[in-house]
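The values are calculated or read from the model by the stated rules, or taken from the named source; none is laboratory data. As the structure is a prediction and not an experimental result, all values here were calculated from the model. In this analysis, Cβ positions are derived from the backbone assuming ideal geometry, glycine residues included, and neighbour counts consider all displayed protein chains. For accessibility, only protein heavy atoms count, side chains too; no ligands or nucleic acids. Shrake-Rupley method; radii C 1.70, N 1.55, O 1.52, S 1.80 Å.
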Amino acid sequence: MTPLQISLPESLQQFIDQQVREGSYNNTDEYIYHLILEDQKRNAKQQLEEMLIAGLDSGDPIEITDDWWENKRAELIQNLPQS
């Protein structure tokens, strides 16, 4: 891993120390690591939602039925690379 050094005001350092004491973190590094991972997840979810909305807004609408899903599933399976 790559070390990272940051400077924080004392109030933020106290907050982090409290979170480590009260949470399930062994140290400050774990707490910061967890925050970054959660932010990555939030960003990925936001990007997915934006892509879903763009997909809904594109093209002509179609009716999705059980038969449509079955045909789509079969088509996707057929197009899977063979190993």
To the nearest 0.05, what FRET efficiency results for Ile6 and Leu48 with a Förster distance of 25 Å applied to their C-beta separation? 0.25
Could you work out which residue, out of Glu49, Glu70, Glu30, moves most in a Gaussian network model of the chain, that is, has the largest mean-square fluctuation with Cα springs under 10 Å? Glu70
Computing the accessible area with a 1.4 Å probe over protein heavy atoms, can you report the carbon and sulfur percentage for the chain? 53 percent
Computed over the stretch 25-73, Cα set: Rg, Dmax in Å: 18.7, 53
Just grab the label-to-label distance for Arg73 and Gln19, each label 7 Å out from Cα along the Cβ direction, in nm (one decimal). 4.2 nm
Measuring from label point to label point, each 7 Å out along Cα→Cβ, what is the Asp57 to His34 span in nm? 3.7 nm
Considering all alpha-carbon pairs of the chain, what whole percent are spaced by more than 15 angstrom? 77 percent
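Net charge around Met51, counting only other residues with Cβ within less than 13 Å of its Cβ (Lys, Arg = +1; Asp, Glu = -1)?
Values: positive: Lys45; negative: Glu49, Glu50, Asp57.
That sum, taken over residues with Cβ under 13 Å, equals -2.
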Against the longest alpha carbon principal axis of the chain, how many degrees, from 0 to 90 and to the nearest 10, is the axis of helix 10-22 turned? 70 degrees
Could you size up the charge dipole of the chain around its Cα centre, putting +1 on the beta carbon of Lys and Arg and -1 on that of Asp and Glu, and report it in debye to the nearest 20? 320 debye
